[in-house]
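Q: Have a look at the structure that comes next, please.
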Amino acid sequence: DAGVTQSPTHLIKTRGQQVTLRCSPKSGHDTVSWYQQALGQGPQFIFQYYEEEERQRGNFPDRFSGHQFPNYSSELNVNALLLGDSALYLCASSLQPVGTGELFFGEGSRLTVL
Amino acid sequence: AQSVTQPDIHITVSEGASLELRCNYSYGATPYLFWYVQSPGQGLQLLLKYFSGDTLVQGIKGFEAEFKRSQSSFNLRKPSVHWSDAAEYFCAVRATGGFKTIFGAGTRLFVKA
């Protein structure tokens, strides 16, 4: 049973560039959430996708956008990168957006902005 | 607004000693509560969760947590710590019917021989 997979695992960008991160949810899961985890901090909720729509968004600027595909996989796009965007980006999948379902996390994509 | 507070940034315990990690939440009703563990360079793994019913919940790796409504707390415990338990521990909360799970800042556990 494949868990949550993310790509790439590491990447380096420069300020002003754009980045796309990808996530495949755990088999059978239909909901994908994205989190940003800065060094030494807890994960911060970016947004959640279900049925190819953004269901809820955290306190992140419009530079952060996403997409969910019919196969439930998802992308996170960040435009006009800032140094402060350097972080571990975690994708989590769940069965349905609400309810008692737990989040299953991938190992993350480590983004460094120079 | 919901929030989660983990008062201890880091804790050091001796191998074989007992452990308690504190977690307090702010929410108008009883939310769903979780504890996750993160080893270096890895994603988060669920240790245990509380939704309703018995306030003492058992999880994986010998961990347990107790929900105390009067104190808005959900502390994580383990009777005997192993060196492999060294990691970062996150308490998390989700509103009943809510979409997002909110995480605390985490407590880093160090285990000394």
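Q: For segment B:43-57, how many residues are touching a Phe, Trp or Tyr at 6+ places or on another chain (Cβ under 6 Å), surrounded by fewer than 19 Cβ atoms within 10 Å (Cβ to Cβ) and closer than 22 Å to A:Ala38 by Cα?
A: Residues meeting the conditions: 1.
Rundown of residues vs (1) in contact with a His (Cβ under 8 Å, 6 or more places away or on another chain); (2) surrounded by fewer than 22 Cβ atoms within 10 Å (Cβ to Cβ); (3) farther than 19 Å from A:Ile12 by Cβ; (4) among the β-branched types (Val, Ile, Thr), yes/no style:
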{"site": "A:His67", "(1), (2), (3), (4)": "no, yes, yes, no"}
{"site": "A:Pro70", "(1), (2), (3), (4)": "no, yes, yes, no"}
{"site": "A:Ser74", "(1), (2), (3), (4)": "yes, no, yes, no"}
{"site": "A:Tyr89", "(1), (2), (3), (4)": "no, no, no, no"}
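Q: Looking only at segment B:99-113, filter to residues that are of a type outside the set (Ser, Thr, Tyr) and within 14 Å of chain A (Cβ to nearest Cβ); which one of those is farthest from A:Phe47 (Cα to Cα)?
A: Quick first cut of segment B:99-113, residues of a type outside the set (Ser, Thr, Tyr) only: B:99-100, B:102-106, B:108-113.
Filter once more, keeping what is within 14 Å of chain A (Cβ to nearest Cβ): B:99-100, B:102-106, B:108.
Numbers: B:Phe99: 9, B:Lys100: 8, B:Ile102: 12, B:Phe103: 14, B:Gly104: 17, B:Ala105: 19, B:Gly106: 21, B:Arg108: 26 Å.
Checking each candidate, the answer is B:Arg108.
Q: Here's a follow-up. Out of A:Gly42, A:Gly28, report the one residue that is under 20 Å from B:Gln42 (Cβ atoms) and over 12 Å from the mean Cα position of the chain (by Cα).
A: A:Gly42
Q: Specify which of the listed residues (B:Thr107, B:Thr101) is modelled with pLDDT under 95, β-branched (Val, Ile, Thr) and under 24 Å from A:Phe105 (Cα atoms). Show your work before the answer.
A: Values: B:Thr107 fails: modelled with pLDDT under 95.
On inspection, the qualifying residue turns out to be B:Thr101.
Q: Provide a single number: the residues in segment B:1-42 that are open to solvent by 30 Å² or more (accessible area, probe 1.4 Å) and either outside any strand (DSSP E or B) or touching a helix residue (DSSP H, G or I) at 6+ places or on another chain (Cβ under 6 Å) (or both).
A: Result for segment B:1-42: 18.
Q: Related question: Take A:Pro43 and decide whether it is within 30 Å of B:His10 (Cβ to Cβ), touching a Phe, Trp or Tyr at 6+ places or on another chain (Cβ under 6 Å) and surrounded by 16 or more Cβ atoms within 10 Å (Cβ to Cβ).
A: When the stated conditions are applied, A:Pro43 passes them.
Q: Related question: Mind checking whether some residue in segment A:71-83 is without any contact (Cβ under 8 Å) to a residue 40 or more places away in the chain, under 13 Å from the mean Cα position of the chain (by Cα), under 26 Å from B:Gln38 (Cβ atoms) and not in a loop (DSSP other than H, G, I, E, B)?
A: Scanning segment A:71-83 turns up no residue that is without any contact (Cβ under 8 Å) to a residue 40 or more places away in the chain, under 13 Å from the mean Cα position of the chain (by Cα), under 26 Å from B:Gln38 (Cβ atoms) and not in a loop (DSSP other than H, G, I, E, B).
The values are calculated or read from the model by the stated rules, or taken from the named source; none is laboratory data. Note that the coordinates shown come from a computational prediction; the quantities given were computed from them, not determined experimentally. All Cβ positions, glycine included, derive from the backbone under ideal geometry; neighbour counts span all protein chains shown. Surface areas here come from the heavy atoms of the whole protein model, side chains and all, with no ligands, DNA or RNA. Shrake-Rupley method; radii C 1.70, N 1.55, O 1.52, S 1.80 Å.
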